[in-house]
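As structure tokens, the structure follows; a few thoughts come after it.
The values are calculated or read from the model by the stated rules, or taken from the named source; none is laboratory data. Quantities reported herein were computed from a predicted structural model and do not represent experimental measurements. So basically every Cβ, Gly included, is an ideal-geometry build from the backbone, and we count neighbours across all protein chains shown.
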Amino acid sequence: MAAKILIAFYSRGGATEALARAIAEGAAAEGAEIRLRRARELASPEVMARAPGWAESAARMNALYEAPSETDAEWADAIIFGTPTRFGSVASELKAYIDGLGGLWFQGKLVGKAGSVFGATSTTHGGNESTLISLYNPLAHLGLVIVPLGYADPALFKAGTPYGASAVVNGRDIKEPSADEMEVARFQGRRVTRVAGALAALR
Ligand SMILES: Cc1cc2nc3c(=O)[nH]c(=O)nc-3n(C[C@H](O)[C@H](O)[C@H](O)COP(=O)(O)O)c2cc1C
């Protein structure tokens with residue numbers, strides 16, 4: 001049976017979205033059934049209008065991806081959360097989705113499924129690792145079995161982090177994740193799909 005993978009992300013400029021799509025590619029290569037979902041804006045229209053391209057980019061992605069729901073989380077064998085770094089931690093838009101999973105948490109519905117994380121910053125040491133590690137906290141509370149990447153693939157020696165795929169994209173001289181960063185994301189999709197399948201067989 002194909003593992004069911006929910007990739008729930010927030011992205012404002014498209015960097016986290018690009019990683020999400022690469023993770024989906026990797027998961028598909030392992031035969032996964034995939035739902036790609038984008039958390040919706042919490043920032044006001046005034047804030048969204050402040051940076052050129054933000055509102056347009058959000059509208060483009062919202063036309064492509066449904067918002068993640070409780071039903072998606074219950075359906076999934078694995079949930080892979082993606083976020084841009086916000087002051088060294090998770091974006092409130094993704095956190096709001098996670099906080100909405102309290103009902104499933106109360107019923108223990110996510111216990112024993114796989115969980116994994118990925119993210120993007122605009123600077124090399126601007127918080128990719130701290131953001132991904134901070135996302136491990138809610139994963140533990142939800143009872144998800146956290147799937148890190150370690151250095152389990154040669155791609156990790158060129159890019160990414162042991163905690164999850166990452167990218168440094170600033171929208172100026174670096175417009176999108178590099179080929180190496182995308183390779184780590186594809187590996188994450190493959191790895192989480194394999195682990196999710198094994199865990200599903202145990203449940
Ligand atoms: C409010 C705010 C806070 C941010 N904080 C950080 C930060 O702490 N470190 C960093 O490197 N980039 C920071 N960024 C930049 C984003 O993390 C970065 O541009 C990321 O690549 C965007 O991903 P996206 O294209 O998927 O939206 C911040 C951006 C905003 C709007």
Check your understanding: What is the residue count in the stretch 97-135 for residues that are away from the ligand (no atom under 15 Å from the Cβ) and either touching an Asp or Glu at 6+ places or on another chain (Cβ under 7 Å) or not aromatic (Phe, Trp, Tyr) (or both)?
Key -> 17
Review point. Can you name the condition, by its number, that Val111 falls short on among (1) of a type in the set (A, V, I, L, M); (2) touching a strand residue (DSSP E or B) at 6+ places or on another chain (Cβ under 8 Å); (3) closer than 21 Å to Leu6 by Cα?
Key: (2)
Practice item. State which residue is nearest to Ala18 (Cα to Cα) when the search covers only the stretch 54-80 and only residues that are more than 19 Å from the chain's Cα centre (by Cα) and surrounded by 13 or more Cβ atoms within 10 Å (Cβ to Cβ). Key: Trp54
Point to revise | Single match in Ala96, Ala76, Ala59 (criterion: without any contact (Cβ under 8 Å) to a residue 40 or more places away in the chain, more than 14 Å from Ser166 (Cβ to Cβ) and of a type in the set (A, V, I, L, M, F, W, C)) | key: Ala59
Review point. Within the group Gly189, Gly164, Gly100, Gly171, which residue is surrounded by 14 or more Cβ atoms within 10 Å (Cβ to Cβ), modelled with pLDDT under 95 and under 20 Å from Tyr10 (Cβ atoms)?
Key: Gly171
Check your understanding: Being in contact with a Lys or Arg (Cβ under 6 Å, 6 or more places away or on another chain) and either part of a loop (DSSP other than H, G, I, E, B) or under 20 Å from Val192 (Cβ atoms) (or both), is that true of even one residue in the stretch 108-125?
Key -> yes
Study note, to complete from the structure: For the stretch 153-178, the count of residues that are under 18 Å from the mean Cα position of the chain (by Cα) and under 14 Å from Thr16 (Cα atoms) equals 10
Review point. Listed residues Ala27, Ala59, Ala22, Ala73; which is over 24 Å from Ala198 (Cβ atoms), hydrophobic (A, V, I, L, M, F, W, C) and either part of a helix (DSSP H, G or I) or within 14 Å of the ligand (Cβ to nearest atom) (or both)?
Key: Ala59
Check your understanding: in a loop (DSSP other than H, G, I, E, B) and closer than 21 Å to Ala196 by Cβ: does that describe Pro52?
Key -> no
Check your understanding: Tally time: how many residues in the stretch 174-186 are part of a helix (DSSP H, G or I), surrounded by fewer than 22 Cβ atoms within 10 Å (Cβ to Cβ) and acidic (Asp, Glu)?
Key -> 2
